[in-house]
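Written below as structure tokens is the structure these notes are about.
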């Protein structure tokens, strides 16, 4: 894990456990700083869906797991707006989830949301981290 500063896609307890084991060992060996972890939240209500993420109801338990893990730091939430829909309601919902999270974990104030096509809306709803790869690198080729 020496190459990563943050993981923006922690969406299940098993992944949090694996990251905690790896980072605890890394910290014991090197003394490196904790790994920032964002909880990926499903905004379309489907935890295994196209965009991925934990259901909003599962965020508090996952947050508690991350906050209590050696070598990890709960940084906030992350989401991708549902494909083909207005992103504003989704990012508003994420802002509400973030507010509930920071009530229990004040240091977890990060909101990783917004990509090249919807970054202005994400910022309006409090995004602190954006993913703008296609605006910089161009569109990705279609997957086959």
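Just so you know, all these numbers are worked out from the coordinates, no wet-lab data involved. Computed from a predicted model, the values in this text were never measured in an experiment. Every residue, glycine as well, gets a Cβ built from its backbone with ideal geometry; the counts of neighbours run over all protein chains shown.
If R₀ is 30 angstrom, what is the calculated FRET efficiency for the pair residue 123 and residue 26, using the beta carbon separation as r and rounding to 0.05?
E(calc), rounded to 0.05, equals 0.35.
Where does helix 13-30 land angle-wise versus the long Cα axis of the chain, in degrees 0 to 90, nearest 10?
Helix 13-30 sits at roughly 50 degrees to that axis.
Please build a GNM for the chain, connecting alpha carbons under 10 Å apart, and tell me which residue among 66, 15, 74 fluctuates the most.
Comparing 66, 15, 74 in a Gaussian network model of the chain, the most mobile one is 15.
With labels modelled as points extended 7 Å from the Cα through the Cβ direction, what inter-label distance (nm, one decimal) is found for residue 57 paired with residue 33?
With each label placed 7 Å out from Cα toward Cβ, I get 3.7 nm.
Tell me, what are the semi-axes, in whole angstrom and largest first, of the equivalent ellipsoid of the chain as set by the roots of 5 times the Cα gyration tensor eigenvalues?
Values for the chain, descending: 25, 18, 14 Å.
Which shape class, rounded, prolate or oblate, goes with the range 83-133 when its Cα gyration tensor gives a ≥ b ≥ c as root eigenvalues, a/c under 1.5 marks rounded, and past that a/b bigger than b/c marks prolate?
Cα axes put the range 83-133 in the oblate bin.
Determine the relative contact order of the range 6-132: mean sequence separation of Cα pairs under 8 Å and six or more apart, normalised by residue count, in whole percent.
22 percent
Starting from 0.36 nm per residue, how many nanometres of slack lie between residue 115 and residue 67 once their C-alpha separation is accounted for?
Gain on stretching residue 115 to residue 67: 14.6 nm.
Starting from the Cα-Cα distance between residue 6 and residue 93, subtract it from 0.36 nm times their residue separation and give me the gain in nm to one decimal.
Extra length from residue 6 to residue 93 when fully extended: 29.0 nm.
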